[in-house]
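What follows is a set of notes on a single structure, which appears directly below.
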Amino acid sequence: SKFDVHYRLSARFDNELQTISEQINQMLDRVEKSADEALAAKEQLYINEIERQHAEMYALQSQIYPHLLYNTLDCIRSIALYRGVNEISQIATAMGNIFRYCITSSEFSSLQEELNCIQEYFTILQIRFDGRLRLELDIPSEYRHLQIPKMTLQPVVENAVYHGLERVYHDGVLKISCEDKDNYLILTISDNGCGMDPDQFAQLEKQLKMYNTDFQQTSTSGIGLLNIQRRLKVTYGDPGGVWIHSQKGIGTTVNLVIAKKI
């Protein structure tokens, strides 16, 4: 019959027999433990192999998707040029450049590269809003080489457009500037959009101060800023992070504090 690995000798003996039975039971305990550990190791190896295969499949798919999008955008651009629709050609070209920047594997980029991405984004906005939005850059060249977490300014700019500038009827201006503060640089993104009402601003400010809260418990409009807040805190510690001021009917200003050296 099949051996029961959990079976143990009954230790109801005297003297030598009792000692021998106890030693045999201890040996069986060690054998059972070794067998369990070996089984657990095999299970972990199997899980690791499955995860490796999934990762390899994802990597292969990730190589295909960018080429598909690039080719599609290039096709749109070519058709637009052939049809004489220059605006669509410009949008396709800008989207291709933005996408190329977003999918690079590096976690950091230069401030100049981030500004280039924002300028491409505003190329699209200029067409969409018929020139009603204007981008102003006031960043001295001496700071443009600084390395920052990639996609740090871009989400702030998107928030400024869709939650501020898009909702006003006057010409919109978004300005990006900076201020040197010892070992830190303060990057400022300001707009003359609709601003936030006091309650909305107070809620967002509270969430920013509690940057380690669960993103799922926040409003959709604040997720981008909370994501940036967490990344800046992790990268630079204090006083790195996001500081915001907004006034309804006037506009919103977001300050990003980054270290000059990581």
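The values are calculated or read from the model by the stated rules, or taken from the named source; none is laboratory data. If you're wondering where the values come from, they're calculated on a predicted model, not measured in any experiment. Backbone-built Cβ (ideal geometry, glycine too); neighbour counts: all protein chains shown. Accessible surface is based on the protein model in full, side chains and every heavy atom, while ligands, DNA and RNA are left aside. Shrake-Rupley method; radii C 1.70, N 1.55, O 1.52, S 1.80 Å.
Taking all protein chains together, 180, 199, 191 sort by accessible area into 199, 180, 191, largest first [probe 1.4 Å].
Note on region 72-230: with charges restricted to the Cβ of Lys and Arg (+1) and Asp and Glu (-1), its dipole about the Cα centre is near 380 debye.
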